[in-house]
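S.K.: Below is a structure I'd like to ask you about.
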There are 2 protein chains.
Amino acid sequence: MSQNIRRKPATLSDVAAKVGVAPMTVSRVINGNGYVSEETREKVLEAVKKMNYRRNGLARNLKRQRTDTVGLVIGDISNPFSTELANAVRETLSFKGYNLFICISEQSAKEDISAFDSLVDHNIDGVIVATRSNEEGDERLNEIADSGVPVVVVGRDFKHESVDSISADNFNGGFEATQHLIDLGHRRIGFIGAGFENRSRLKRLQGYLSALTTHGIEIDERLITGRRGSSNETPGYSTEAIGYEGMKRLLSLPSRPTAVFARNDFTALGAISAVKEAGLLIPQDIAIVGFDDTPLALHTTPSLTTVRQPMKLQGQLAAEMLLRRIDSGTVMAPEARTLECELIIRESTVIRD
Amino acid sequence: MSQNIRRKPATLSDVAAKVGVAPMTVSRVINGNGYVSEETREKVLEAVKKMNYRRNGLARNLKRQRTDTVGLVIGDISNPFSTELANAVRETLSFKGYNLFICISEQSAKEDISAFDSLVDHNIDGVIVATRSNEEGDERLNEIADSGVPVVVVGRDFKHESVDSISADNFNGGFEATQHLIDLGHRRIGFIGAGFENRSRLKRLQGYLSALTTHGIEIDERLITGRRGSSNETPGYSTEAIGYEGMKRLLSLPSRPTAVFARNDFTALGAISAVKEAGLLIPQDIAIVGFDDTPLALHTTPSLTTVRQPMKLQGQLAAEMLLRRIDSGTVMAPEARTLECELIIRESTVIRD
DNA sequence: GTTATTCAAGTTAACGATAACATAGTCCAT
DNA sequence: ATGGACTATGTTATCGTTAACTTGAATAAC
């Protein structure tokens, strides 16, 4: 007979009634505060065990007006760097006694909003947002920040009078990646992965453009590729396809580039496949630089020159900034931090002995 | 002056008072049920907007006795397959109007327990658990299941009279991987990555052993390697080191293996590095098989033969099974499902033209 | 013109826990 | 013996919502 209706879990009062004390006494035993005699304590604990009592967090948090829980919204968990971020955040939080709930929002504004709402609905004490920004989502995030919920954003734009932000210096990363190629003597340098969103928002592209201009290299629009049309459905590993297609397009140009800077490592990976397929050599025929230094980058053949952003540090700082807001209980002025990236030179741009 | 104390958010009653109606009327407007005149509705909505009212989910859920939220506990989110699982779960749930909160528990039983507790404390409607099993964690999970919370476990052992489980057929996957090597003529076949936990629990190893025995190949303990000592701190990409060390040990044997089956793709990756470093060729000198078919496997050189487990399907099924339990509201007998794996043959075992 | 029916609210009592306050006994010091 | 400090409880009110019930119009039905 497996059709037993699930019995309702025991409450504090149930336990209290069984032992013959007031609910408050049981509460004291559970939470280990206030005075309780050893004798009573034992009787209560016995009943708690026997009745399989678990306290109701909803009720508790409602009364306490806090949850000791923080939410993290990430798009694209397929991306190893989201993963690293999440881990760093969790570690920092758990150290301070906070729990972390992660919500995934892969693609749409609708999912962003639903993630925000479900977290706020659970009265989390604060939120860290690391999704790609989009209009409707930002609007809701604004409301949430307005309503006094502590918010920190990571790796994306967002302006609000009480929201901290933290990000890698994507512009400079893009600049250095491109400069590295220029230093190696390249003049025709392509960019793969532009144009999903407002182009001026893509700092890596801006860095690329700036590096070219700085070195007096004329910008050739034909060398800048990406999916102009499809606005925002490029999660994780799927950007690989963009790299592949983009590189194919670049290779078919009358005068093809001798080097390419890809928006991220996955895109670079796709580009590598396309180059290999065309029977060309990396880096002799085409040098390639990626971005993010995902674990993949070390294991491609040739290994991938890429720009590492300090994900762990970003996660730590995000958590710390959020906790500061939570603890202060006040509305503080926003703080924005930008962290330096590091160029990691490997075989996809330079031949090792 | 940024030292404004955070003002308390408006409540239903606040809004009601402002408009001059009963709280219940405001509740009706918010939830869109019951009768409310168009006139009142507009006045309420206006006040809601003006006061930046957000309903308190804790109070709501406490009253409604449900949260429409499901928890997922994963260890090791660095692993792409956890990621795929999480995504599949989320998709299936969101389709049914449920939210997903993900908790990470990287290593210790303590973290497992704290993840379980934080989810249960928020009165989630059910939990999916996909961490590696460990004694204390299982004990708490047992209590949770006992207390009537719907639970489904994925990819791990767990016995409870009302907990469903779902898993890939790791034994058979291990068997097929090994048989593939045997079919190719290999007789000295190593295993890398044994021994973190109770060895009989590692189904992939069991499959390996069984394949050897089935084909009359004697088992040579020296060919089975792993970290016997360190029990359970091998998150994600770090198993790569185990692969590297394990392979080095195997290569230094008087008569080294001609093929190796690695516990997972990361381990295989480490093994590949060690082989390359020793100046040997894959697969000519050493053939290598991994497990999981992570995105990496396609991009190693040579590309990696591996066993794919249907992560997406596991996620979908887990979510569906859990929802069935939640919806039924009864205590149902446990169901256990095992899904077939698929051997993906690539260049690390077979030379392509 | 009386009785149903529908609409538009309001009232009450939880949901389960806890902060804050109140009570009462014991023990010790002055 | 009177007051204060400490211990061990109990009582009350409340956190913010909503289910369930009630009230009172307005409209429709006979």
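The values are calculated or read from the model by the stated rules, or taken from the named source; none is laboratory data. Since we're looking at a predicted model, the values are computed, not measured. A quick note on method: Cβ atoms are made from the backbone with ideal geometry, for glycine too, and the neighbour counts reach across all protein chains shown.
S.K.: In the range A:89-98, which residues are over 16 Å from the mean Cα position of the chain (by Cα), part of a helix (DSSP H, G or I) and more than 9 Å from chain B (Cβ to nearest Cβ)?
M.R.: Step one: list which residues in the range A:89-98 are over 16 Å from the mean Cα position of the chain (by Cα), which gives A:94-98.
Adding the requirement that they be part of a helix (DSSP H, G or I) leaves A:94-95.
Selection gives A:F95 alone.
S.K.: Hey, another quick one. Can you name every residue in the range B:51-64 that is in contact with a helix residue (DSSP H, G or I) (Cβ under 8 Å, 6 or more places away or on another chain), of a type outside the set (A, V, I, L, M, F, W, C) and assigned to a helix (DSSP H, G or I)? Reasoning before the result, please.
M.R.: Step one: of the range B:51-64, the residues in contact with a helix residue (DSSP H, G or I) (Cβ under 8 Å, 6 or more places away or on another chain) are B:51-62.
Going one step further and asking which of them are of a type outside the set (A, V, I, L, M, F, W, C), we end up with B:52-57, B:60-61.
Correct list: B:G57, B:R60, B:N61.
S.K.: What strands (runs of 3 or more DSSP E) lie completely within the range A:99-172 and have 2 or more residues being in contact with an Asp or Glu (Cβ under 9 Å, 6 or more places away or on another chain) and surrounded by fewer than 24 Cβ atoms within 10 Å (Cβ to Cβ)? Walk me through it before giving the result.
M.R.: On the way: elements: A:99-104, A:126-130, A:151-154, A:163-168.
Result: A:163-168.
S.K.: Another question, if that's okay. Which pairs turn up if I take residues in the range A:46-73 that are more than 9 Å from every other protein chain (Cβ to nearest Cβ) and over 21 Å from A:G126 (Cα atoms) and look for partners that are at pLDDT 90 or above and surrounded by fewer than 21 Cβ atoms within 10 Å (Cβ to Cβ) with beta carbon separation below 6 Å, at least 6 apart in sequence or on another chain?
M.R.: Short answer, once both residue conditions are applied: A:A47/A:K18; A:A47/A:V19; A:M51/A:A10.
S.K.: Something else now. Given A:V21, A:V36, A:V29, which one is closer than 30 Å to A:K96 by Cα, among the β-branched types (V, I, T) and not in a helix (DSSP H, G or I)? Break it down into steps so the answer makes sense when it comes.
M.R.: Details: A:V21 fails: closer than 30 Å to A:K96 by Cα; A:V29 fails: not in a helix (DSSP H, G or I).
Of A:V21, A:V36, A:V29, the one residue that is closer than 30 Å to A:K96 by Cα, among the β-branched types (V, I, T) and not in a helix (DSSP H, G or I) is A:V36.
S.K.: Also, I was wondering about something else. Check the range A:44-59 and report whether any residue there is under 20 Å from B:L119 (Cβ atoms), within 9 Å of DNA strand D (Cβ to nearest atom) and not basic (K, R).
M.R.: The answer is yes; a qualifying residue exists.
Yes/no matrix, rows are residues, columns are (1) under 26 Å from A:G155 (Cα atoms); (2) surrounded by 17 or more Cβ atoms within 10 Å (Cβ to Cβ):
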position: A:K276; (1), (2): no, no
position: A:I286; (1), (2): no, yes
position: A:F291; (1), (2): yes, yes
position: A:T294; (1), (2): yes, yes
position: A:V307; (1), (2): yes, yes
position: A:Q316; (1), (2): yes, yes
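S.K.: State yes or no: is A:T338 over 22 Å from B:T294 (Cα atoms) and not in a helix (DSSP H, G or I)?
M.R.: On the way: over 22 Å from B:T294 (Cα atoms): yes; not in a helix (DSSP H, G or I): yes.
Answer is yes for this residue.
S.K.: Still on this structure: So, in the range A:333-353, of the ones that are basic (K, R) and touching a residue at least 12 places away in the same chain (Cβ under 8 Å), which residue ends up nearest to A:S147 (Cα to Cα)?
M.R.: The initial filter retains those residues of the range A:333-353 that are basic (K, R), namely A:337, A:346, A:352.
Then drop every residue that is not touching a residue at least 12 places away in the same chain (Cβ under 8 Å), which leaves A:337, A:346.
Values: A:R337: 24, A:R346: 48 Å.
For the range A:333-353, the residue satisfying everything is A:R337.
S.K.: Of all residues in the range A:18-41, which are touching a helix residue (DSSP H, G or I) at 6+ places or on another chain (Cβ under 9 Å) and away from DNA strand C (no atom under 11 Å from the Cβ)?
M.R.: If the condition is that a residue be touching a helix residue (DSSP H, G or I) at 6+ places or on another chain (Cβ under 9 Å) and away from DNA strand C (no atom under 11 Å from the Cβ), then A:K18, A:V19, A:G20, A:V21, A:V36, A:T40, A:R41 are the ones that fit.
S.K.: Assess whether A:T330 counts as being surrounded by fewer than 19 Cβ atoms within 10 Å (Cβ to Cβ), free of Cβ contacts under 8 Å to residues at least 12 places away in the same chain and either of a type outside the set (K, R) or closer than 30 Å to B:L304 by Cα (or both).
M.R.: Details: surrounded by fewer than 19 Cβ atoms within 10 Å (Cβ to Cβ): yes; free of Cβ contacts under 8 Å to residues at least 12 places away in the same chain: yes; either of a type outside the set (K, R) or closer than 30 Å to B:L304 by Cα (or both): yes.
Criteria met by A:T330.
S.K.: Looking at B:T267, is it buried (at least 19 other Cβ atoms within 10 Å of the Cβ), part of a loop (DSSP other than H, G, I, E, B) and hydroxyl-bearing (S, T, Y)? Please lay out each step first, then the result.
M.R.: On the way: buried (at least 19 other Cβ atoms within 10 Å of the Cβ): yes; part of a loop (DSSP other than H, G, I, E, B): no; hydroxyl-bearing (S, T, Y): yes.
The answer is no for B:T267.
S.K.: Any idea which residue in the range A:1-30 is surrounded by the fewest Cβ atoms within 10 Å (Cβ to Cβ), counting only those that are within 14 Å of chain B (Cβ to nearest Cβ) and within 12 Å of DNA strand D (Cβ to nearest atom)?
M.R.: Step one: filter the range A:1-30 for residues within 14 Å of chain B (Cβ to nearest Cβ), giving A:1-12, A:14-15, A:30.
Still in the list and also within 12 Å of DNA strand D (Cβ to nearest atom): A:12, A:15.
Numbers: A:L12: 20, A:V15: 25.
The residue in question is A:L12.
S.K.: While we're on this one: Checking the conditions here, which among A:I104, A:I113 is over 15 Å from A:Q316 (Cβ atoms) and within 7 Å of chain B (Cβ to nearest Cβ)?
M.R.: Numbers: A:I113 fails: within 7 Å of chain B (Cβ to nearest Cβ).
It is A:I104.
S.K.: Looking at B:S303, is it among the hydroxyl-bearing types (S, T, Y), within 14 Å of chain A (Cβ to nearest Cβ) and assigned to a loop (DSSP other than H, G, I, E, B)? Write out each step before concluding.
M.R.: Values: among the hydroxyl-bearing types (S, T, Y): yes; within 14 Å of chain A (Cβ to nearest Cβ): yes; assigned to a loop (DSSP other than H, G, I, E, B): yes.
Criteria met by B:S303.
S.K.: Here is a follow-up. Look through the range A:111-160, keep the residues that are among the polar types (S, T, N, Q) and under 16 Å from A:S82 (Cα atoms), and return whichever of them is modelled with the lowest pLDDT.
M.R.: So the first thing to find is which residues in the range A:111-160 are among the polar types (S, T, N, Q), and the list is A:114, A:118, A:123, A:131, A:133-134, A:142, A:147.
If we keep only those that are under 16 Å from A:S82 (Cα atoms) too, we end up with A:131, A:133.
On the way: A:T131: 91, A:S133: 86.
Here the answer is A:S133.
S.K.: Still on this structure, I have one more. Take B:E277 and decide whether it is charged (D, E, K, R) and within 14 Å of chain A (Cβ to nearest Cβ).
M.R.: On the way: charged (D, E, K, R): yes; within 14 Å of chain A (Cβ to nearest Cβ): yes.
So B:E277 passes the test.
S.K.: Given the criteria of a type in the set (A, V, I, L, M, F, W, C), within 10 Å of another protein chain (Cβ to nearest Cβ), assigned to a helix (DSSP H, G or I) and over 20 Å from B:F116 (Cα atoms), does A:A86 qualify? Before the answer, list the steps.
M.R.: Details: of a type in the set (A, V, I, L, M, F, W, C): yes; within 10 Å of another protein chain (Cβ to nearest Cβ): yes; assigned to a helix (DSSP H, G or I): yes; over 20 Å from B:F116 (Cα atoms): no.
No: the conditions fail for A:A86.
S.K.: Given the criteria away from chain A (no Cβ under 13 Å) and among the polar types (S, T, N, Q), does B:S133 qualify?
M.R.: On the way: away from chain A (no Cβ under 13 Å): yes; among the polar types (S, T, N, Q): yes.
It is true that B:S133 is away from chain A (no Cβ under 13 Å) and among the polar types (S, T, N, Q).
S.K.: Among the listed residues A:E245, A:E277, A:E240, A:E233, identify the single one that is at pLDDT below 95 and more than 31 Å from the chain's Cα centre (by Cα).
M.R.: On the way: A:E245 fails: more than 31 Å from the chain's Cα centre (by Cα); A:E240 fails: more than 31 Å from the chain's Cα centre (by Cα); A:E233 fails: more than 31 Å from the chain's Cα centre (by Cα).
Of the residues listed, the single one that is at pLDDT below 95 and more than 31 Å from the chain's Cα centre (by Cα) is A:E277.
S.K.: Quick one: B:S78 ticks every box in (1) of a type outside the set (D, E, K, R); (2) under 16 Å from B:R156 (Cα atoms); (3) surrounded by fewer than 24 Cβ atoms within 10 Å (Cβ to Cβ) bar one, so which box is it?
M.R.: Of everything listed in (1) of a type outside the set (D, E, K, R); (2) under 16 Å from B:R156 (Cα atoms); (3) surrounded by fewer than 24 Cβ atoms within 10 Å (Cβ to Cβ), B:S78 misses just condition (2).
S.K.: Only residues that are within 30 Å of B:S108 (Cβ to Cβ) and within 16 Å of DNA strand C (Cβ to nearest atom): list them for the range B:62-97, please.
M.R.: Result: B:T67, single match.
S.K.: Which is more than 23 Å from the chain's Cα centre (by Cα) and not charged (D, E, K, R), of A:P257, A:P334, A:P295, A:P310? Full working, then the answer.
M.R.: Details: A:P334 fails: more than 23 Å from the chain's Cα centre (by Cα); A:P295 fails: more than 23 Å from the chain's Cα centre (by Cα); A:P310 fails: more than 23 Å from the chain's Cα centre (by Cα).
Exactly one residue qualifies, and that residue is A:P257.
S.K.: Go through the range B:96-137 and give me each residue that's within 23 Å of B:Q65 (Cβ to Cβ) and free of Cβ contacts under 8 Å to residues at least 12 places away in the same chain.
M.R.: Of everything in the range B:96-137, just one residue is within 23 Å of B:Q65 (Cβ to Cβ) and free of Cβ contacts under 8 Å to residues at least 12 places away in the same chain, namely B:D121.
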